[in-house]
1. Of the listed pairs Lys114/Lys326; Lys107/Lys201; Lys107/Lys162, which have alpha-carbon separations greater than 23 Å here?
2. Where both partners of a DSSP beta bridge lie in the chain, what percent of those bridges are antiparallel, to the nearest 5?
3. Explain nothing, just the number: relative contact order of segment 26-327, from Cα pairs under 8 Å at least 6 residues apart, as a whole percent.
4. List the relative contact order of segment 173-247 as a percent without decimals, with contacts defined as Cα pairs under 8 Å and 6+ residues apart.
5. From the helices alone, meaning DSSP H stretches of at least four residues, give me the mean residue ellipticity at 222 nm for the chain, per-run term -39500 (n - 2.57), in deg cm²/dmol to the nearest 500.
6. Under a GNM of the chain (C-alpha, springs under 10 Å), which listed residue has the highest mean-square fluctuation: Thr193, Thr90, Thr25?
7. If I model a spin label at Glu23 and Asn298 as a point 7 Å from the Cα along the Cα→Cβ vector, what separation in nanometres do I get?
8. Obtain the nm distance between the two label points defined at Glu145 and Ser2 by a simple spin-label model: each point lies 7 Å from its Cα along the Cα-to-C-beta direction.
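The numbers here are math on the coordinates, done by the rules we state, and not lab data. Keep in mind the model is a prediction, meaning the values are calculated, not measured. So basically every Cβ, Gly included, is an ideal-geometry build from the backbone, and we count neighbours across all protein chains shown.
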Amino acid sequence: MSFPENRLRRMRRTEPLRALVRETTLEPGDLIHPVFICPGEGVRLPVGSMPGVFNLSIDEAVRDAEEAASLGIGGLLLFGLPDSKDEEATGAWSDDGIVQRGLRALKQSSAANKLVLIADVCLCEYTSHGHCGVVVQTPSGFEIENDPSLALLARTATSLAKAGADIVAPSDMMDGRVAAIRRALDAATLTQTPILSYASKFASAFYGPFREAADSTPQFGDRRSYQMDGANFREAMREIDLDIEEGADMILMKPAMPYLDVVRAARDRFQVPMGAYQVSGEYSMLQAAFEKGWLDRNRAILESLIGIRRAGADFIVTYFAKEAAKLL
Ligand code: PBG
């Protein structure tokens, strides 16, 4: 049977009908709210390229977390801005690092039993050169060394888990880091700490605003020798495969919007829980359009998120988390 007996518009006539046949859901609990923790007290420093996003001192981050918890948000993804940076990324793995201290404070707050606290594991915010691994000089320039970076990443993950992270999330894209982190966690009897691996992370222009928020712009070169080429789909599947084999409990893909085909394919292929990260550039370009009055703010926010869910992401890391939760 076809038209005129068949009319798809019948099911679109009223909102209750539309709600009944809606295929994809979006709930506050699906959303993860990123938090940038900085030194000091009472600090709420706006990030210029990300309206509505702030660097927060620990006390302010706790307040932010309590708000997120009251909105029913699923969890927080924590990043840190250390007091000082060096070649070994000391601030990343030191037990009194900024995120470690933040975690201890958050664990004591009322938000702790409502939110999953995810700690981003990377060196770029903590190294003086801004790369995600150890840098060595070579006759022809420099190299981001893979294997020596693993020990620092494993040490970082262990220290964050000890400080109270419910999940550790390596975002560096070094080969073998999931296995190295799993071994280190287990050796420290942190056998119950899951690893959320940023398994398919593409080298992207859309991370631009984040690098201002996290003060993590590479001082020379770029990240293309470790993050993936945006043209490569099969390689993304291999990255995910390997990370699961190495012990990743969940995977995260990013950016989201320019890579929704990768999200869909991964959902069809792998059985682990999966998230997607609506990254800073995706957020900032929407914000810019809102400022210009070019897009309907509430509708565009929710549409951008439902699209990511429809592609197959179980959860979404997004700077719109609190705002979207209020709309839902
Ligand atoms: C750290 C890291 C980055 C992002 C998350 N973790 C930046 C980068 O790889 O340069 C980007 C997140 C965003 O753009 O919102 N390695």
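1. The pairs that break the limit, which is 23 Å between Cα atoms, are Lys107/Lys201.
2. 20 percent
3. Value for segment 26-327: 19 percent.
4. Relative CO of segment 173-247 lands at 49 percent.
5. -11500 deg cm²/dmol
6. Among Thr193, Thr90, Thr25, the largest GNM mean-square fluctuation belongs to Thr25.
7. Inter-label distance under the simple model: 2.6 nm.
8. My value for the distance between the label points is 6.7 nm.
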